[in-house]
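Below is one structure, written out as structure tokens; the observations come after it.
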Amino acid sequence: MTFENEELAGLRVLITGGSRGLGEATARRFAAAGATVVTASRTPPPHDLPATYIPADLRSAEEVAELGRRVLDSVGGIDVLVDNAGAATGPTPTLERSDASWLADLEMNLLSAVRLDRALVPGMVERGSGVVVHVSSIASHLPQPAEASYAAAKAALNAYSRELATAVGEHGVRVVCVLPGFVVTEGAAEHLRQLADRQGIGIDEVEQQVVDHLNVPMGRSGRPEDVAEMIAFLASRRAEWVTGAQFRVDGGIIPTV
């Protein structure tokens, strides 16, 4: 589904972590709206993804800088930057987590976005327009047990996003954060499959267990397309006065007052 007044056609969009899950769904959403899409990740996307793929390890400062150069060479600049690449080092009791684990989560979930923004946002500032979407997580507000470093890195991304919005707003560049909840991506599905095998039950039953444990008011897990739709909206002219804000796409998991 697309909207005639989105004005996404012709925009140059870079999506990191675009080979699967939220990134792939977002790439397909923008491509369907007529945008020119570039994706970057360590692994190639599906062959039918209508996007230009640039291999890059976003954990490396050198590879992020090279990605920025290659994007500028290939499409001349970026109108929409979706900093979606992220990963966690895995559950570890908080007081037992090593410095290396903390640093790895900060590299992947905060500094990868900071470095790519530093490479590409100045071009937006120079042109007087652009949108940066940082894909964070509800973990930044609702940390899960033994995942402190991931949650802290995403919370830092939220704070950085807000300040960046203040810094570049006068130049016509908008910066927003999207906070997905429990979304069943390929990685999440594999984890659910392992849990189901251990319990000797079906994957649908395990998925519902997680939904019930999280008390999701909507009563179901999220789909990558749910998040992609929010990102497309925020990048469109329909959100042209929206910046410095966080948007939860979580089925209502986090209670608000």
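The values are calculated or read from the model by the stated rules, or taken from the named source; none is laboratory data. All of these numbers come straight from a predicted model, not from anything done at the bench. Heads up, the Cβs are rebuilt from the backbone with ideal geometry, glycines too, and the neighbour counts pull from every protein chain shown.
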Check your understanding: Can you tell me which residues in region 214-225 are in a helix (DSSP H, G or I) and more than 13 Å from GLY252 (Cα to Cα)?
Key -> PRO224, GLU225
Check your understanding: Looking only at region 63-86, which residues are crowded, with 16+ Cβ neighbours inside 10 Å and of a type in the set (Gly, Ala, Ser)?
Key -> GLY68, ALA85, GLY86
Study note, to complete from the structure: Being at pLDDT 95 or above and outside any helix (DSSP H, G or I) narrows VAL37, VAL71 down to just VAL37
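Could we say that GLY10 is out of contact with any Ser or Thr (no Cβ under 8 Å at 6 or more places or on another chain) and either modelled with pLDDT under 95 or not in a helix (DSSP H, G or I) (or both) here? Reasoning before the result, please.
Working: out of contact with any Ser or Thr (no Cβ under 8 Å at 6 or more places or on another chain): no; either modelled with pLDDT under 95 or not in a helix (DSSP H, G or I) (or both): yes.
Answer is no for this residue.
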Review point. Name the residues in region 78-116 that are modelled with pLDDT of 95 or more and over 18 Å from the mean Cα position of the chain (by Cα), would you?
Key: THR92, PRO93, THR94, LEU95, GLU96, ARG97, SER98, ASP99, ALA100, SER101, TRP102, LEU103
Review point. Within the set of pairs 6+ apart or on separate chains, which have a first residue in region 96-114 that is farther than 17 Å from LEU58 by Cβ, a second that is assigned to a helix (DSSP H, G or I), and C-beta atoms under 6 Å apart?
Key: ARG97/SER149; SER101/SER149; TRP102/SER149
Practice item. Say whether the condition of being modelled with pLDDT under 95, part of a loop (DSSP other than H, G, I, E, B) and in contact with a His (Cβ under 8 Å, 6 or more places away or on another chain) is met by at least one residue in region 191-206. Key: no
